[in-house]
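Each value in this text was obtained by applying a stated rule to the coordinates, not by laboratory testing. Source: prediction; values computed, not measured. Cβ placement follows ideal geometry from the backbone for every residue including glycine, while neighbour counts extend to all protein chains displayed.
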Amino acid sequence: MMTKQFLVFIVVLLTTGCAATYQTHDVKPINTSLDSSLGVLISIPEDGSFGHQSYANSGIMTADALKSAFLKHTNTVDISNDCKGDDCLSEAYIIKYGYYVKPIILHWEERNTEWSGKPDRIEIQVLIYDTTTRQVLTSTRYTGKSKWATLGGDHPQELLPEPTDELVKRLYE
């Protein structure tokens, strides 16, 4: 027979361990809303890593999450396979875009959360440039930490959609 205290412990454990957590920090807050009539070019960041482990395709997964978020607010969103970083601000790449998005993976950590109790983690910085002035309009960092009770299915890339969607939504408000 289970005690009442044990049942309370189980309920608390399951409810606190079942939700991923996110934090956002505006390094440079945006002064005005983005114009939904202007196109967006997104570069693919270098793949993320943790320690000596590099996570293949984490860069394209990050760019894809940004593309999905921006497509909810504007019609022209492309991911560049040709340019990287500040090279994307050259005339050849930005002529049809109003904004250039430069994501940077600062931290990408996949853990065996179910066994170790250590959560998966991400930290992404997103810089958004005005392509006309080539000036940074905003710079934001967000972090994500997976839930504890994952039952074996969570990965760092699953932490991308929620904070990315929230960031982009804020930019267009």
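Normalising the average separation of contacting C-alpha pairs (under 8 angstrom, six or more residues apart) by the number of residues puts the relative contact order of the range 26-134 at 29 percent. For D78 and H52, a Förster radius of 41 Å and the Cβ-Cβ distance give a FRET efficiency of 0.80, rounded to the nearest 0.05. Structure note, pairs K96/K147; K28/K84; K96/K145: Cα-Cα distances above 29 angstrom occur for K96/K147; K96/K145. Between amide H atoms placed 1.01 Å from N, distances below 5 Å from I42 occur with D78, I79, S80, V101, all of them 5 or more places distant or on a separate chain.
Using the Karplus relation 6.51 cos²θ - 1.76 cosθ + 1.60 with θ = phi - 60°, the per-residue 3J(HN,Hα) values for the range 87-104 come to 4, 5, 7, 6, 3, 4, 8, 9, 4, 9, 10, x, 9, 10, 10, 10, x, 10 Hz, with x marking Gly and Pro. Across the range 68-76, coupling constants 3J(HN,Hα) worked out from phi with the 6.51/-1.76/1.60 Karplus curve, θ = phi - 60°, read 4, 5, 5, 5, 6, 10, 8, 8, 10 Hz, and Gly and Pro carry x. Peptides 161-172, 28-39 ranked from most to least packed, by the mean per-residue count of other Cβ atoms within 10 Å: 161-172, 28-39.
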